[in-house]
Amino acid sequence: PGEPPSPPSPPMPPPFPPPPSPPPSPPPSPPPPLLPPSMPPPPPSPASPQPPSPPCAFGESCWLIRGPRDACGVSSPLETCSCRPPPPPPPPPRGAAGDPHYFTYSDVHYSYQGVGVYSIVSGTYDGRRFDVQAYQCPCGINASCFTKVAVSMNTTEPACTVILHQPRIDAEHCSSAEEEINYALDDWGNVRLTSEGVFVTLPDQLVRSSGLAGLIVTAPTAEEYAGIACAPTSALQPVAQSMMLFDTDDLDVAGCEYPSTPLDCGQVSAWLAVSGCSSAGATAEAESKCASALDDCNAIDSAWLENCMTDYCNGMGERAICGTNQACLGTTLPPPPPPSPPASPLPSSPPPSPPPPPPPSP
């Protein structure tokens with residue numbers, strides 16, 4: 001018999017591995033929904049907003065341009081701004097607090113327990129006459145207190161007057177910052193009313209001008225203290241009826257009868273006199289209470305301690321301490337922060353390394 005047939009040869013491996021299979025194709029996107037013939041196609045999506053470049057040079061700020069002022073002197077900011085250096089900080093606020101003690105723009109302290117309506121400060125800004133008036137009434141012992149404040153940025157228009165009512169007053173506590181009333185004089189000033197007093201901030205050029213008048217502008221003269229002479233136009237005289245911002249119905253505090261004007265010199269001198277403590281013991285108690293709480297203010301001006309002691313002995317008690325602190329700290333502004341330094345430049349590339357020295361000659 002013949003030889004058996006040889007087994008079949010195994011298949012030869014391919015010289016290269018087969019290419020990978022392509023991934024399956026994604027399912028086709030569904031067609032966009034058909035819009036009704038009456039509905040227009042949606043607008044294209046807006047491009048992503050790019051961050052704006054700084055509009056002003058270093059040391060300048062972008063100040064919103066304001067529109068024209070209305071009859072009451074109020075303007076609105078527009079959507080454009082102009083680049084300019086920041087203005088100098090305004091002078092510290094000035095005003096009165098306690099029974100009351102006035103603090104003028106020339107840094108003079110004095111007390112005046114007048115009864116009636118008095119001009120705190122008045123003047124002209126941007127062609128309009130403005131006035132801040134206070135209604136003072138008897139309170140405590142031989143003292144007067146603020147009850148309401150009237151503000152107008154155009155005294156020729158009665159509708160422009162705003163009446164500010166004093167925040168709550170209790171026997172032991174002053175108003176908190178949340179209870180205080182801040183009334184903006186458009187973009188150029190501010191009137192701040194607390195339970196203990198009123199404080200006015202005005203721009204520097206206005207404070208330095210000669211057109212201001214009022215109790216926080218002009219301090220009493222020696223003749224007024226002595227009762228020798230008192231001019232009818234003095235700020236110590238109550239506001240004339242024709243110049244008063246309050247309506248008659250606003251002067252409604254019981255026991256606060258409006259005095260006859262003009263005041264005689266004896267009455268002006270009496271209201272300028274400071275009533276001290278009734279005894280040496282009361283003086284020592286008032287000084288101990290006030291000095292322990294007014295360290296910073298007493299270092300600025302010892303008149304703050306005298307004001308606090310007077311109010312403490314005239315029936316204000318613990319409120320004399322917080323009220324004097326409000327007046328002292330509220331009329332002392334911190335210095336403005338220094339301008340921010342310019343951005344650091346990007347680090348430059350290091351200089352190229354010097355070529356290596358040539359090899360020594362053989």
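The values are calculated or read from the model by the stated rules, or taken from the named source; none is laboratory data. For clarity, every value in this text was computed on a predicted model and none was experimentally measured. Methodologically, a virtual Cβ is constructed for each residue, glycine included, from the backbone with ideal geometry; neighbour enumeration extends over all protein chains shown. These area figures cover heavy atoms from the full protein model, side chains too; ligands, DNA and RNA do not enter into them. Shrake-Rupley method; radii C 1.70, N 1.55, O 1.52, S 1.80 Å.
Would you be able to say whether some residue in region 113-130 is out of contact with any Phe, Trp or Tyr (no Cβ under 9 Å at 6 or more places or on another chain) and among the aromatic types (F, W, Y)?
yes
Among the listed residues P262, P238, which satisfies the condition of being surrounded by 14 or more Cβ atoms within 10 Å (Cβ to Cβ) and in contact with a strand residue (DSSP E or B) (Cβ under 6 Å, 6 or more places away or on another chain)? Please lay out each step first, then the result.
Working: P262 fails: in contact with a strand residue (DSSP E or B) (Cβ under 6 Å, 6 or more places away or on another chain).
Only one candidate qualifies: P238.
Going through region 286-305 one residue at a time, which ones are without any contact (Cβ under 8 Å) to a residue 24 or more places away in the chain and assigned to a helix (DSSP H, G or I)?
E287, S288, A291, S292, D295, N298, A299, L305 - these are the residues of region 286-305 that are without any contact (Cβ under 8 Å) to a residue 24 or more places away in the chain and assigned to a helix (DSSP H, G or I).
Any chance you could count how many residues in region 205-234 are in contact (Cβ under 8 Å) with a residue 40 or more places away in the chain, in contact with a helix residue (DSSP H, G or I) (Cβ under 6 Å, 6 or more places away or on another chain) and open to solvent by 40 Å² or more (accessible area, probe 1.4 Å)?
Of the residues in region 205-234, 1 are in contact (Cβ under 8 Å) with a residue 40 or more places away in the chain, in contact with a helix residue (DSSP H, G or I) (Cβ under 6 Å, 6 or more places away or on another chain) and open to solvent by 40 Å² or more (accessible area, probe 1.4 Å).
Which ranges mark the strands (runs of 3 or more DSSP E) fully within region 133-202 that have 3 or more residues being within 25 Å of P259 (Cα to Cα) and modelled with pLDDT of 90 or more?
143-152, 162-165
Restricting the search to region 268-278, which residues are open to solvent by 50 Å² or more (accessible area, probe 1.4 Å) and closer than 13 Å to S144 by Cβ?
Matches in region 268-278: A270, A273, V274.
E79 - would you say it is surrounded by fewer than 17 Cβ atoms within 10 Å (Cβ to Cβ), over 23 Å from the mean Cα position of the chain (by Cα) and acidic (D, E)?
No, not satisfied.
Across region 161-203, what is the total count of residues that are open to solvent by 30 Å² or more (accessible area, probe 1.4 Å), under 21 Å from G73 (Cα atoms) and either over 15 Å from the mean Cα position of the chain (by Cα) or among the basic types (K, R) (or both)?
Selection size over region 161-203: 4.
List pairs: first in region 132-156 and farther than 17 Å from A273 by Cβ, second basic (K, R), Cβ under 7 Å, 6+ apart or cross-chain?
Y135/K148; M153/R128; N154/R128; N154/R129; T155/R129; T156/R129
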